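Below is one structure; the comments refer to it alone.
The values are calculated or read from the model by the stated rules, or taken from the named source; none is laboratory data. Since the structure is predicted, the reported quantities are computational estimates derived from the model, not experimental observations. Positions of Cβ are backbone-derived with ideal geometry, glycine not excepted, and every protein chain shown enters the neighbour counts.
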C-alpha cells in the first residue's frame, strides 16, 4: 500500500496531497528535529559542559506536483489548494499514512510556498514546495492510549505505561470518591498531590500540556490551588515509565491515564 500524505485544516477540512490533481513527490524535515543545546563554560575551561537539550519547532517542506486540464484548470486547482491550506482556520495537522498500518501526525500550519505557474501554450503542470511550521516538533500516533487503574479501597499501586521515543503530555482522570491523590514519576521524582475531597460520581481532570495545564473538578471548578506545595504536572518520558499512584479514602474509585505516543521523527 502506497504512503499517503494529508493536510487536515483547522476546521477539519481534509485535503489528500497524494491523489487526484495533487501529487506529493518528496519531503524534507521529517527526521530528527533540530536540538537547541544548552552548555556551560567555566573560566579557563577547554570546550564546554553539556547541560541539556530541547527540541526546537520545525519547518516541514513538502514537494508537490499539481496537474491541470490546461492552464486555466491548473490555476483553478492551485487556488483551491491554497484555500484548503489556509492558515486563517487555525492550527491544522499533517497526517502521514505509511502503508503498514502505522500513522503519524504532527500539528502544523501552512507557512509559505506554491508560486504562480509559468504562462505559455500547453502549460498544465506546476511543481513547487509547501512549507509547514510545526510548533511541537514531535510526531504522534493518533490512536489515544487510555489506561484505567482501579482502586476498590484506599491503597497504592505502581504501573508501567509505555510512551513513544519522545516525551508525552498526559491527562489524568481521577474518579471519586477519595480525599487525597498522589501521582508520581518514579524516574524523575516529580509528582503532584491533590488534597481535596472528591465525592462518589465526581471526576477531577488533570491536564499537563504546556500552556494548558489545569486541574479541574468537572465540569468547571478550578482546583489548582489544592495541589500540595512542590507539585509538578509532569510528562511521561520516552519508553517505559514507572508511575506510582495512591488514593486515600477510595472506594470503587479509579485513575485513568490518557496520552498519545509521540516520536522524534518519521
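Odds and ends about this structure:
- Considering region 113-157, the residues that are under 14 Å from the mean Cα position of the chain (by Cα) and loosely packed, with under 15 Cβ neighbours inside 10 Å include one that is nearest to residue 180 (Cα to Cα), namely 144.
- Residue check for residue 160: outside the structural domain of residue 104 (by TED's automatic domain parsing) and surrounded by 14 or more Cβ atoms within 10 Å (Cβ to Cβ): no
- Taking region 1-96 and the strands (runs of 3 or more DSSP E) fully enclosed by it, the elements with 1 or more residues that are in contact with a strand residue (DSSP E or B) (Cβ under 9 Å, 6 or more places away or on another chain) and within 30 Å of residue 121 (Cα to Cα) are at 14-16, 22-28, 58-67.
- Breaking point among (1) under 28 Å from residue 212 (Cα atoms); (2) in contact (Cβ under 8 Å) with a residue 40 or more places away in the chain, for residue 52: (2)
- Any hit, region 97-105, residues being part of a loop (DSSP other than H, G, I, E, B), surrounded by 15 or more Cβ atoms within 10 Å (Cβ to Cβ) and in the same structural domain as residue 31 (by TED's automatic domain parsing): no
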